[in-house]
Amino acid sequence: MHHGWFTKLLMRTSKLLWTGGQPHSESDLVRILRRLTAIGVHLPKINIYKNHPSSNIYPFSFSPIELSGAIQSTRATFYINSSQRGGIREYRNLRKASSLAIPEDVNVLKKYYLAFNRIFFMGALKNLCDIQLHPPNSFMNGECYTYITLDSEHIPPNSASMIRLYNRSQKPGYEDQEYRLKCYLGTLLHEMLHAFLAIFSCRCTTFDCKSLFSDHVGCYGHLTAWQDAAHAIENATEVLLGERLCLSRMPSLASDWAMSHEMPAKNETCVGRWGMNYDEVYLIGLMIRANRLANPYMEHSQTDVGTLAPQVEDAECIEDAHEHLGKDFMVTEKWLELK
């Protein structure tokens, strides 16, 4: 049974986060969220599978598996509720008007955020995320700051997360505005999923939820719970939005592998269910580890194996590939043949 202070804390948090209430001080929301993060018991759970009432989803209340499953279940049905239909209309109206605005208009990107929230995230994110556009970054296209990241001081006081998109207008290959906008939208969805899992996942120690989060989301955020949901969202964009948006799933997973202590063996992964090939993910991971890729979070459409594979010229990298994948390892026709 929960104590009275606990119930009051939840009510105060709910009022701030979902009704847009203003905290009494700049540190008020920060204090509440950090206290919730540190609580050593489960928060009360709400069924997010039936009609997904956004106002009832409490932060830090679910396992990442439940949250990922909720996204997958809403994507696997033909039922689209009125909120989702409204979000789809908003998205299509924004796309019709996209030729009238530059892709870097952050106010327009915020409108896409609101539409995506209604379509893919059960309306749960609402005003929780602050959306910002920053100067170009050589190594990534976007970042998501939450209260489980080391740089949480960047988050504005009235937000639970900050999504930072990096300007690509001056980058080679991004000259076309339509292509650039689609890249921004894919990155926005990518980071919104990070925020969704971070804000609503329980990480208490009572039932080892912290370890569960680490196992299914990972230190860098792109393991099974994220991949399952991202795969479902990517497939749904084609049906619901009329165009496929890329969430950079494969290079993100490869980057997580590359930054881990040891890359997983083939029998330890389930990449096939995400439409990936283990050998391809592994090779991209090796290239990232060998510092041969400038941007590990590139769009999948830019992951042209014909141009990337020749960069695998580091002797140690090739030796590692031979050791783990076999001397006769070949990927697809476009990939470098390592023999």
Practice item. For S169 and N93, calculate 0.36 nm times their separation in residues minus their Cα-Cα distance, and state this gained length in nm to one decimal. Key: 25.0 nm
Point to revise | Average accessible surface area per residue within the stretch 236-290, 1.4 Å rolling probe, Å² | key: 39
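Just the number please: accessible area per residue for the stretch 100-199, 1.4 Å probe, all protein chains included, in Å².
37
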Review point. Going highest first, how would you order 158-168, 254-264, 206-216 by mean Cβ packing within 10 Å?
Key: 158-168, 254-264, 206-216
Check your understanding: In the stretch 97-170, with Lys and Arg counted as +1 and Asp and Glu as -1 at Cβ, which of these residues, P135, S161, S98, has the Cα nearest the positive end of the dipole, that is, farthest along it?
Key -> S98
Practice item. Using a 1.4 angstrom probe on heavy atoms only, work out the carbon and sulfur share of the accessible area of the stretch 74-221 in %. Key: 55
Point to revise | Peptides ranked, highest mean first, by Cβ atoms within 10 Å: ranges 220-230, 128-138 | key: 220-230, 128-138
Practice item. Just report the Cα centroid separation between the stretch 224-239 and the stretch 175-200, whole Å. Key: 13
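The values are calculated or read from the model by the stated rules, or taken from the named source; none is laboratory data. As the structure is a prediction and not an experimental result, all values here were calculated from the model. Note that we place each Cβ from the backbone using ideal geometry, even for glycine, and neighbour counts take in every protein chain shown. SASA here: full protein model, heavy atoms, side chains in, ligands and nucleic acids out. Shrake-Rupley method; radii C 1.70, N 1.55, O 1.52, S 1.80 Å.
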